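The values are calculated or read from the model by the stated rules, or taken from the named source; none is laboratory data. Everything numeric in this text was worked out from a predicted model, so none of it was measured. Don't worry about glycine lacking a Cβ; one is built from the backbone with ideal geometry, like all the others, and counts go over all protein chains shown.
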Amino acid sequence: MLENSFSSMSKRMKSSIIRELLRDTGIVSLISFGGGAPDPETFDREVLAEISKDVILNEYKFALQYGPTEGDPILKNEYIKVLKERKGINGLKPENLLITTGSQQALDLIGRIMLDTDSYVIVGHPVYLGAISAFKSYGPKFIAVDIEDDGFNIDQMEKEIKKLDQNKELSKLRFVYAVPNFDNPSGVTLSLEKRKALVDLSRKYNFMIVEDDPYGELRYEGERLPDLYEIAEGHNVLLLNTLSKVMSPGLRIGLIVGDSKIVAKAALGKQGVDLCTPGLTQRIAARYLQKGTIFERIKESVKIYRSKKNKMLDAIEKYVKIDGARWTRPDGGLFIWLELPKNFDTMELFEKAKKIGVAYIPGTAFYVDDRKSSAMRLSFCLPSEDEIEEGIKRIGHLLEIDR
């Protein structure tokens, strides 16, 4: 009787493989390259504490009350300023923005309003697991396109789109999901040429692009590239953003930017989920943005993460002595993608790695077809530099034994 009570959608839900794998990795002696949690030392906690006290005492009528589903008007206006100054996005109005409870909710809301069981979604291979978890609940079919050193294989993508067109199913292609800046898990950045090509494809075949940009401000090398939203001048693109990596994930602030009709539909979906994002955390974030110091603070975070990234790359070069191994060298973000020869199975190696006190995420977690993988995602944001050196040394030793 109990099984018959569950919906078809609930039966498609699966526990996050990352959460399952990392469930018992909180022990002090274990060095974890698993999650994507930012370094707590980057949190501006003294200033946030002062702002929090002031907001609770003096703005309690908004901050401690139910708020508008669309989000705190002050925070939305501050976000509009940031998007103009940092990304060159002009002409936004409050109705083009929806404040969400973290960017994970933004992904779920997009799935909720755009996907049916006969829909298609194009994703990279590998692809961010959180997006797949959010979309998969709504039952779409995934089309996987290879991720190359400079992002999507655009030729392969167009071939897949042409197949849909030939089969009279192009209208069922709801969107392409992209993380153009320092992709999770690969660390790859979509080149300017491919950004323009992807936008051209969306115009030619009239499909949406969901552009997820949680790491764009965490650039360590190279020049900033224009967002897909900026290149497309907002046409056929939804831009997702978050304060989780640059302010605090505990505030749970995410953002959908796009056509006002789509944003309004997402707001309707949000009403049935949580009514509104907490007013307290929104107003704290708004007042923090108004101080104008966030980007100076981010510069300090960038110094920390750049040093950690370089430490990990140096350690991989030093300790991973496996012929045929290759790894990405990201210009920003929080992840390095390490690929080993095909005879390795990083899921099988995971338990052995935990026994020697180190954790990573096996590559199989990031493929929509649950294939075996010889790759692993390594996150350098949370461990100390000494832990990064020691952890990669342990992985290198394990690979030598298991080769």
Quiz item: Tell me, which helices (runs of 4 or more DSSP H) wholly within region 253-345 include 1 or more residues that are assigned by TED's automatic domain parsing to the domain that holds Glu221, without any contact (Cβ under 8 Å) to a residue 24 or more places away in the chain and within 30 Å of Asn236 (Cα to Cα)?
Solution: 260-271
Quiz prompt | Matching entry among Thr281, Thr277, Thr328 (being under 21 Å from the mean Cα position of the chain (by Cα), of a type in the set (Val, Ile, Thr) and under 30 Å from Asp386 (Cβ atoms)) | solution = Thr328
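For (1) under 28 Å from Lys372 (Cβ atoms); (2) touching a residue at least 40 places away in the same chain (Cβ under 8 Å); (3) polar (S, T, N, Q), each residue gets a yes or a no:
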| position | (1), (2), (3) |
| --- | --- |
| Ala63 | no, yes, no |
| Ile74 | no, yes, no |
| Asn96 | no, yes, yes |
| Gly111 | yes, no, no |
| Asp118 | no, yes, no |
| Tyr138 | yes, yes, no |
| Lys141 | yes, no, no |
Quiz item: Do you know which residues across region 347-391 are modelled with pLDDT under 95, charged (D, E, K, R) and either assigned by TED's automatic domain parsing to the domain that holds Val121 or within 18 Å of Ser186 (Cα to Cα) (or both)?
Solution: Asp369, Asp370, Arg371, Lys372
Quiz item: Which of the helices (runs of 4 or more DSSP H) contained wholly in region 89-182 include at least 3 residues that are among the acidic types (Asp, Glu)?
Solution: 154-166
Quiz prompt | Restricting region 346-364 to residues that are in contact with a Ser or Thr (Cβ under 8 Å, 6 or more places away or on another chain) and small (Gly, Ala, Ser), the residue that is farthest from Ser29 (Cα to Cα) | solution = Gly363
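Residues are listed down the side, and each one gets a yes or a no for (1) more than 23 Å from Gly67 (Cα to Cα); (2) crowded, with 24+ Cβ neighbours inside 10 Å; (3) polar (S, T, N, Q):
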{"residue": "Asp212", "(1), (2), (3)": "yes, yes, no"}
{"residue": "Pro226", "(1), (2), (3)": "yes, no, no"}
{"residue": "Asn236", "(1), (2), (3)": "yes, no, yes"}
{"residue": "Ser248", "(1), (2), (3)": "no, no, yes"}
{"residue": "Ser260", "(1), (2), (3)": "no, no, yes"}
{"residue": "Val273", "(1), (2), (3)": "no, no, no"}
{"residue": "Pro278", "(1), (2), (3)": "no, no, no"}
{"residue": "Ala285", "(1), (2), (3)": "no, yes, no"}
Quiz item: What number of residues within region 376-403 are out of contact with any strand residue (DSSP E or B) (no Cβ under 8 Å at 6 or more places or on another chain) and hydroxyl-bearing (Ser, Thr, Tyr)?
Solution: 1
